[in-house]
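The values are calculated or read from the model by the stated rules, or taken from the named source; none is laboratory data. The shown structure was predicted, so the numbers you read here are calculated from the model rather than taken from an experiment. Note that each Cβ is placed from the backbone with ideal geometry, even for glycine, and that neighbours are counted across all protein chains shown. Please note that ligands, DNA and RNA were not included when accessible areas were found on the heavy atoms of the full protein model with its side chains. Shrake-Rupley method; radii C 1.70, N 1.55, O 1.52, S 1.80 Å.
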Amino acid sequence: MEETISIQDIFKTLKKRWKLIMLLTLIAALISGTISYFLFTPVYQSSTQILVNQKQSENQLDSTQIQSNIDMINTYSVIIKSPAILEKVIDDLKLPQSVDQLSQKIIINSQENSQVFSLTVQDSNPSKAVEIANAVSTTFQKEIKDIMNVDNVSILAKAEIKGNPAPVKPSPLMNIAIAVVVGLMAGIALAFLLEYMDNTIRDEKDIETLLNLPLLGSIQKISQHK
């Protein structure tokens, strides 16, 4: 005979082990909050916008030239993070990091069918993120003329600090929310595991469920008098 679990049994188990479930949820939230606020280094980011547009004497560009500029953005994304650009930035700013380390801080984003792309730099220092973003964009604009023999890069917007910059990561509230969900699920799973392993017989129903035997009768507790 297969043992089935009813909704009443589920609620009974949750009610019985609710303290354990809440404890694990609270512990998970506290650990996540502690790590997010005190152990992780805040990371800030700053961005510039760059336009790829071939400079010509005419006021209009044909569709072929525009598409060529759009296609060239993929190539430019590689060149920006290459040693040809980043080594000069490191030397100019006297950065204590390698080309690979600096490259990992740079994110290039472009929209489909757009001649504009953004150059984003992430750093633990918001001022340094702004400084690096502007240095990379201006160095790229200068060096691309010699590298590709073209003059089609313009900086639309320089990076700057606006108000009180907020870190982009870690996100403590998001981490805590995830930890609460994980802790809650772990607590519920542990509650059902403990209930499954608990073979204690407490009442008549436990005898029928655990021993698979019919209950023939019961003896009332007899009080003893001296």
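Anything in segment 146-165 that is touching a strand residue (DSSP E or B) at 6+ places or on another chain (Cβ under 8 Å) and either of a type outside the set (Ser, Thr, Tyr) or open to solvent by less than 30 Å² (accessible area, probe 1.4 Å) (or both)? List them, or say none.
Of everything in segment 146-165, those that are touching a strand residue (DSSP E or B) at 6+ places or on another chain (Cβ under 8 Å) and either of a type outside the set (Ser, Thr, Tyr) or open to solvent by less than 30 Å² (accessible area, probe 1.4 Å) (or both) turn out to be ASN152, VAL153, ILE155, LEU156, ALA157, LYS158, ALA159, GLU160, ILE161, PRO165.
For SER171, work out the one condition from (1) modelled with pLDDT of 90 or more; (2) open to solvent by 30 Å² or more (accessible area, probe 1.4 Å) it doesn't fulfil.
Tallying (1) modelled with pLDDT of 90 or more; (2) open to solvent by 30 Å² or more (accessible area, probe 1.4 Å), SER171 fails exactly one: (1).
Take GLU195 and tell me if it is acidic (Asp, Glu) and at pLDDT 65 or above.
Spelling it out, GLU195 is indeed acidic (Asp, Glu) and at pLDDT 65 or above.
Determine which single condition VAL130 fails, assuming it passes every other condition in (1) open to solvent by less than 30 Å² (accessible area, probe 1.4 Å); (2) outside any helix (DSSP H, G or I); (3) of a type outside the set (Ser, Thr, Tyr).
The single condition VAL130 does not satisfy is (2).
In segment 140-177, how many residues are over 14 Å from PHE40 (Cβ atoms) and in a helix (DSSP H, G or I)?
9
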